[in-house]
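The values are calculated or read from the model by the stated rules, or taken from the named source; none is laboratory data. None of these values were measured; they are calculated from a predicted model. Positions of Cβ are generated from backbone atoms using ideal geometry, with glycine treated the same way; all protein chains shown enter the neighbour counts.
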Amino acid sequence: MERLQKIIQKAGLASRRKAEDMITEGRVKVNGKVVTELGSKASFSDDIIVDGKRIKRENKVYFVLYKPEGYISAVTDQFNRKTVTDLIPVKEKIFPIGRLDYDTSGLLILTNDGDFANQMIHPKYMIEKEYYVRVKGLLRRESSIKLARGIEYDGVKAMPAKVYNVEYDDKKETTFLNIVITEGKYHQVKKMFESLGHEVIKLKRIRFGSVTLDGLTTGEYRILKPHEIKTLYNLSKNG
Ligand code: URA
């Protein structure tokens, strides 16, 4: 049993606040009776009718998006900038799991499943995130070793990162590399490299757990398959 306003919200009909108004305005019927009490509880197996329409639990949906640069990882933006949900026109109220910076591109998973999202971003579960990075300057071997041991930045000790495929552009004095991290702190990759004296010029997430960008180009998305969702759940449990 859950509060009625929570059920209306979960059905994707309204925010919790608006759902409360719907109840107090007498627009909600449970098993044939109008309910105006805010403390009332019900479940999805009850017959709940809002404004004459029977409500159903919203289907859970899962997408993987190749986020372009220049999009905000949020549902809305106070400055009216483009957001990642603009790229996936579905009726379900989806939101991104974690975030990529405005100027970062790459793999982002979006869903309306709050439990799944929490499990994916919980620091305890350590799902691998892999980034393709271009930094200013030529990254020294000692710096890669520091990253692999767990670098300290802003007074935070990062978990050990895997760095590989390091390539140098001697003319432009930049370094390309792949890095795998298991956390998702704010601006984490940029800050890790900044603390080593390297500004990140390009950042693209290419993998989240077992999910990659394969088959997608920038701005495109696809539905996550049930077995991919299951694998992510298993990865989050087993590390
Ligand atoms: N690390 C960053 O600094 N930015 C991102 O968008 C993702 C990881």
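In the stretch 122-148, the residues that are on the phi > 0 side of the Ramachandran plot form Cβ pairs under 7 Å with partners that are of a type in the set (Val, Ile, Thr), at six or more places apart or across chains, as follows: 126/182; 137/175. Run residue 75 past the list (1) buried (at least 18 other Cβ atoms within 10 Å of the Cβ); (2) free of Cβ contacts under 8 Å to residues at least 24 places away in the same chain; (3) touching a helix residue (DSSP H, G or I) at 6+ places or on another chain (Cβ under 8 Å) and report the number of the one that doesn't hold. With respect to (1) buried (at least 18 other Cβ atoms within 10 Å of the Cβ); (2) free of Cβ contacts under 8 Å to residues at least 24 places away in the same chain; (3) touching a helix residue (DSSP H, G or I) at 6+ places or on another chain (Cβ under 8 Å), residue 75 is out only on (1). The criterion of at least 2 residues that are modelled with pLDDT of 95 or more, away from the ligand (no atom under 14 Å from the Cβ) and surrounded by fewer than 18 Cβ atoms within 10 Å (Cβ to Cβ) is met by the following strands (runs of 3 or more DSSP E) wholly inside the stretch 152-235: 162-169, 221-223.
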